[in-house]
Every structure is written in C-alpha cells, then in structure tokens.
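The next block holds one structure in the form of structure tokens; read it before the comments.
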Amino acid sequence: MIRKPVDVGDPDRLYMVTDGRSEADDTFDLVTLIVSECEPTAGMQSEHVRILELCRHPTALVEIAAELKLPITVVRILLGDLHDMGKVSARHPRAAESVAGLPETTLLQEVLDGLRHL
Amino acid sequence: MSVPTRPRQRRSAKGGRSSPVAFPVILLVTAAGAAAAGVFAPEDSRTWVLATAVVAWCCVAVVVGTASYLVRRAHRQAVAQGSELEMSESVWRQQVSERSHLVNTTMPGVAERVKNGAEAEEALSRFPVPSDPHLRQLSQVFATALAESVRRATTAESDRQHLRSELDRGKAELERLAEETLPAAVELLREGSSADTALAKVDWPQSTLLRELAEWVVRELAYSERRSAAAQAASAKALSRVQAKTVSMLADLREMQDRHGEEVFGDLLRLDHSTSQLGLMTDRLALLMGGRSSRVWNKPIVMESILRGAVGRIAAYRRVRLHSSSKAAINGFAAEGVMHLLAELMDNAANFSPPIDEVHVYVEERSAGIVVTIEDSGLKMSDAAMRRAEESVSGKVIDLAALQGTRLGLGVVGRLAVKYGISVNYRPSSRGGTGVVVLLPPQMVAQQREPIVSEPLRGGTSAPNVPAPAAEPPVVRPQSVVPTEGGPAARTDIPSKPAGAATGGLPLRTPGRTMAEAERERRKQAPQTPAERGEPGPARDAGSRFGAFHRGRRSAGGAQGGEDTGHASTDD
C-alpha cells in the first residue's frame, strides 16, 4: 500500500499548539513588530522557542506566521502568551516614519518598468 | 393312607385267632345243658322239653357255625391286607432312597457335568435312572433346563467379553481423538488450512460414528474460522477506507485553518479535534481487526510532537498536563504506534478520573529507554481491576474473544506493546489514583544525527529558513513544571542549529515527495542562510522579508487565497 505524502506532515494539531484556544486578543495586528526580550529557556513550547529565536530582530507578526507556517490566529495566541510572560515586546510601526523612509511610489514604478524592460 | 388303619387290623386279627377254640366249647356246653334239661325235666313234659332243647341246640349250632365261618373269612382278609401293607412299605422305602439319591447325588452330579460342558442326555446317562416316572421326568426337565441356562450364560459371557473389548477400543480411540487428533486439526485450521486439508493430514479414528462426528466438528470449526477471518478482513478493509478518509480530512482541515480567518478558526479546531478522536477510534478498531494504523511517519518524531499527537486524539485533552523536557525523537516506524498507545492510556486515565482532575504525563530519558509515566488522581484501581488491566496490556491475551464490551483500548495497547517491545506497567499513583509506566525501548529512539535528520524534518514541518525541530531545545507546555537540569543542555543546543549546509548545494529529496518540490525548497532556503547564520550581522534582506510578508498575508487573508503558493503545496 502506497502511503500518501500527507504522512510527512506533523502529528500535532493546532488545537494542541494553542491548548484549545481559538480567540486572540487584539494586542497585535498583522504588521506589529515583535522583539524578543530574552533567550528561550528549556521546557518552553517549541513554537515559543522559535518565535523568540526569530524575533531577535524586530519581525512583523505576519512574517512570524509565514516562518512558522502557522495561521495568524495561532501566532497571535502564542505571542499573547509570550507577551503576558514578558518575554516579547510589541512595537507598532510608525507609519509616518516608514512612509518617509521609503522611496516615492512613482520612483518605484519607474524602477519596476525599467526592470521589466531589461 | 393305610398307616392309621394298621392297629385296628392287628386287633381284629388277634380276635380271629381265638374263635376256633371257642366255638366247639360253646356247642359242647349247650349240648350238655340240653341233655341235662331233658334228664331233669318232669316225665310228662320230658318229651316237650327234649324237643325244645334239641331245636334250641340246633339253632345255637347254626348260629355258631355261621359265626365261625364269618370269623375265618375276616381273618383271611386281614392276612392278605397285612402282606399288601408290607409290600407298599418296601416300595415307599425304595422311593425315599431314590429321592434322596436324586437330590444328593444325581442332581449335583448332573449340574457339575452340564456346567463342564456335557449335554443334558449325556450327563443323565452317567447316573442311575430313577424307577419312578415322575422322578425321571423331573430329572430330565432339570437337566435340560440347567443345560439351557448354562448355554445362555456362556453366550452372555462371550457377548460381554466382546462388548468389553469393543468398548475399550472405542474409549482408546475417543481419548486419542480428544487429546491428539482434534487439537492437531484445530491447530491446522487456525493456521489457515482448509477443512479438507486438515481432514487429510490428521489420522482419524476407525469408528464410523466418531469419524463422522470429528469430521462434522472440523468442518464446522473451519467454517467459523473462515467466517471470522472474512469478517476481520472485511472490517479491516472497510476501516482502512475510513482511516484514509480521516487522514485526508485532517489534512483538509489543516489547510482550511491556514486559509480561513479567525471567524471560523474555533469551529475548524473543534472539527479537527473531533476528526482526530474519530481517527483514534478507527485506528483502534483497525488494529483489533488485524489492520494497520492510519498513518506511517517517514521521519523521526520529536517527543513533544509524539505527546501532543497522542493527547490531541482524546476527548479530554485539556485535562492532560505534559511535563517533558526530552528532546529525543521516536523513529518513524514506531511513532504512530507509540502515539496510539499513549493516547489509549491517557484516554483511560482521563475517563477513570474525576472530570475536574488533571492527568499528568512525565517523560524521563533513561539508559533503558524513554520512560513515560501517566498518572491520574482518580479512584484507586482494585487489585482485581489492576490485574485485569495488567493482563490486557501485557499482550498475552490477544484473542478477540477476550475483548469485553467497549473496553477495547487496553487490548490495543497490549498488541502495540508486543509489536514494538514496549513494556507497560500499572502501579498505584502517588497522586492517589493509578499510574501507568511505559518504557519505550532504546531501539525506537532516533539517533541524534542532526544535519541528516533535520533536513527531512524541515521540509515537512516548517518554513524553510527555520531550524529543524530535531535540533530544537526541549519544549514543555506553558503550564508544565520546568525541570531545571534540562536548562544548560538546551542552551548549548541552540547555536548548533543547522543552516541548510547539509544539502551541500544538492537538492535532497525526502521519501514520499517529488524532486521538483525538493528543488523548490532548496531555492527558497538558499538566500536565507546568511541571514540565519550571521546573527550579529544586518537584518535579512528586504526580498526575503517581503516574500515572507507576502506569504503570511496570503495565508492570513483566506478569501483571496485560492491560488497555489509555494508553501501551500508543500503543506500536506
């Protein structure tokens, strides 16, 4: 009997990762930058460890979700746990600064056009 | 009889002998009297007297003469009767002696001879024949009847001997049938032989009756064996379909959880949990029916995932507290079995403890293997119940007939324990309930060859630029007690995470996946390695970050997420 490639998946289900919770609070939105405040310690849940490792540099929540390959809601719940324990801190991006720091949209468009013409 | 008359006859005979002397005396006396009367009579009447006297005497003489005659005749008669009596007395004596001879000698003698096998006539001829016809007849009848009964007794005895020997033979055959033949036939049938094969291979009894009986039994047994085998095979087959469906449902659910937003996430998780429980029940039945587990893992599974995978399959998963700092991984071939076994034991523990009490699971690594202890704080099991549970989980009784009602879980535990060499022991728990100690043997613990082990793990479980789970520090659920001794070991482990170097520039294909997939992964992880390695260096480049951001948005915004993305295709 040929086994399907589904068996390369993971045996643990998401409700085990969140311990049955499916609701996250609104502390974090998709672009909230997360920074870890401490190193992972032994005995932590593996997802927490990975988040802490990932967030040595400020990382957006949506990015963490992509890296961990977990749904946004799950990452929010996990981050909520870590935040409550004080192991991570959240930084909401300052829109004005980031917009000012980025090149003009028209310039980007020109670059894109130029690239396409290459 | 004439015996009582004898004295009277004797007396009359004596009286008869005295009469001949008396009669002449009477005649003389009366004559003298008459003469005297004539002499002494007066003259004138003398004549008259004389005449009367003469007449009277004549009368007397006549009477005396008649009497004398009668007496003589009676005497003669008496003499004749006496001789007759003598004769009959002698006959009587002879008969008595013959009778006694018959009773004392002839009959025992004849009986002896007849018993020794002589014929009735022959036996009788050896003895004097009694003169009396009645006695003769009696002895004849006696001899014949005796000979007849002796013949009958002989026949009966021979019949008895014959029957006895037959009975002995039948008994021996029956014993052989019961002790050797039938068990051998049953053994053959259990091994899967057909009824005809079994009948041909075994030495059957000579007796037709026994033979027919044995044949009937064997055919019936073969039929029921066949029926139970067919039922098992059909159930296993049907269950394997259900299992496949469950697995694909779980994969679909996982994909939906990625695709859809928070509004349905809770419902999806509930469905996921129900499907996982369904999977456990289906696997349980399938294993009992001789089928297989629904899943086979082709990579080592870390202990955390094993425990979570096990707990996630039971209804009361929130009551289970995991205390594990083990970073060991269980080899793929045994992972599913271990998960199922632990799930059954946890389910049992959760079911038999109060709904508010927690079930604690501890994991320790020992030289003998990995020890998993499951403790509940429910009621203490009675000795008998514990013995029964021990017996079930020992796997000694793996017959379906030993299953009782809905208590199937422990039977499955027994089978899995035997299959993988896991030892399962019950003991009273220090928390007041019951503890189960599961020892996973070292041969099922994966060797920690990190780069090689981590590569397939990464491909299957996590985003490409994340370190492999096998190299991760031990993980415990937030609620669990953190053992302090695991700390330093875990910290030293963190920097040693592999960074995709194992591929050596060549794509590495994991079993069950296509080469194109592996190639795609390699491409994806290639640009991210510097970012991961260079911890003190600058942040990752904008491209990778943008890519990750984009992927994250895709998976988050389920509405527009219909198109296939790179990681969605590797998801399941």
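The values are calculated or read from the model by the stated rules, or taken from the named source; none is laboratory data. All values reported here derive from a predicted model rather than from experimental measurement. Because the Cβ atoms are built from the backbone with ideal geometry, glycine has one as well, and the counts that use them run over all protein chains shown.
Considering B:Ser325, B:Ser430, the condition of being of a type in the set (Gly, Ala, Ser), touching a strand residue (DSSP E or B) at 6+ places or on another chain (Cβ under 8 Å), on the phi < 0 side of the Ramachandran plot and surrounded by 16 or more Cβ atoms within 10 Å (Cβ to Cβ) is satisfied by B:Ser325 alone. Of all residues in segment B:74-129, those satisfying the criterion of being among the basic types (Lys, Arg) and more than 30 Å from B:Ala153 (Cβ to Cβ) are B:Arg76, B:Arg93.
Being more than 27 Å from B:Arg270 (Cα to Cα), of a type outside the set (Val, Ile, Thr), without any contact (Cβ under 8 Å) to a residue 12 or more places away in the chain and not assigned by TED's automatic domain parsing to the domain that holds B:Thr282 is a condition met by no residue of segment B:313-322.
Here B:Val96 passes the criteria (1) loosely packed, with under 12 Cβ neighbours inside 10 Å; (2) under 30 Å from B:Val29 (Cβ atoms); (3) among the β-branched types (Val, Ile, Thr) except the one numbered (2).
Condition check for A:Val31 on (1) more than 8 Å from chain B (Cβ to nearest Cβ); (2) part of a helix (DSSP H, G or I); (3) at pLDDT below 90: one failure, at (2). Considering only residues in segment A:36-70 that are under 8 Å from the mean Cα position of the chain (by Cα) and within 24 Å of B:His323 (Cα to Cα), the one that is nearest to the other protein chains (Cβ to nearest Cβ) turns out to be A:Leu68.
Annotation note: of B:Glu215, B:Glu262, B:Glu225, B:Glu220, the sole residue that is free of Cβ contacts under 8 Å to residues at least 40 places away in the same chain and either on the phi > 0 side of the Ramachandran plot or within 14 Å of chain A (Cβ to nearest Cβ) (or both) is B:Glu262. Across segment B:295-321, what is the number of residues that are aliphatic (A, V, I, L, M) and either assigned to a helix (DSSP H, G or I) or facing chain A (nearest Cβ under 7 Å) (or both)? Residues in segment B:295-321 being aliphatic (A, V, I, L, M) and either assigned to a helix (DSSP H, G or I) or facing chain A (nearest Cβ under 7 Å) (or both): 7 in total.
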